Each structure stands twice: as structure tokens, then as C-alpha cells.
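Since every read-out is calculated from the coordinates, none of them should be taken as a lab result. Every value quoted in this text rests on a predicted model; they were computed, and no experiment measured them. Please note: Cβ atoms are built from the backbone with ideal geometry, for glycine as well, and neighbour counts cover all protein chains shown.
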């Protein structure tokens, strides 16, 4: 009986809630723990409508128009465009002519700064509708007289 009482009291002492001196969490920053790892807490995502607020990042077209406010043919204007589309120069063979850019993002592939700035300016100066070729209008259908029913 004495042995059982001794085991129960030693088990009670082992379950002490006071943390060891080296593992004490900072006061006020008690992070829930799972074993020796902090508990992963998943926070709910914000509403999708919150992403569409005025605090949202402006569109690429608006950012490019803002770059047009900077004086033309300057390093600052090129840096403004490069902030939108970071340059990734493409290695070309010597003497090979680069293909014309189909979109503003293609300008970042040009190695020469002057060429890249001229490319960006070409897209930023024109509105999107002017860059896309309009479909040729269809000629109006020729009106043919309706055949009169035979009597």
C-alpha cells in the first residue's frame, strides 16, 4: 500500500504545469503548442469583395500610363516600365533581327535599354483598341427581290 501511495504522489509531481526554465514562453505571447511544435492556426480568407476595393493594385495599363508622366527617353521612365515588367533579356544570335513585340510584356525580352524603352512607349502611347486590328466590316447583303409566287 505504501508503494502504491508513493507511485501516485510521484506521478502527480511529474505532471506539474509549470514549464521548465529553458522552455518558458514569453509573457503575453503564449503560443499553443503541439508537442514541441507551435500549433498551426489557419485564418479565414477575406471576402473576395475586399480585394476589389480602392486599395487594390492598379491595372497594368494604369501603371503604364503613370510611367508616361515621366520625361521621355530617360532612365527613370525605363525603370518605371521595368518595375511593371522586370527585364529578362533573351539571348539572340549575332545578326539576327528580333521579332516585333506583340504585347507590352514582350518588351522585357529586349536587351538594349533604348530598344526596350521605345517598345514600351509604343504600347503605352496607344489605347488597347488601336493596337488590335479591327475586323474588316462585312459588306451588306445584296437585297434580292422576293420571287413572286406563281398563280
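Our summary gives the stretch 60-128 a relative contact order of 36 percent, counting only alpha carbon pairs under 8 angstrom and 6 or more residues apart.
Among 64-71, 97-104, 86-93, what's the highest-first ranking by average C-beta atoms within 10 angstrom per residue? Walk me through the numbers on the way to the answer.
On the way: 64-71: 14.0, 97-104: 11.8, 86-93: 9.9.
With the highest mean Cβ count within 10 Å placed first, the list reads 64-71, 97-104, 86-93.
Between residue 62 and residue 88, the modelled label-to-label distance comes to 2.6 nm, taking each label 7 Å out from Cα in the direction of the beta carbon.
Relative to the current alpha-carbon distance between residue 103 and residue 31, full extension at 0.36 nm per residue lengthens the span by 21.0 nm.
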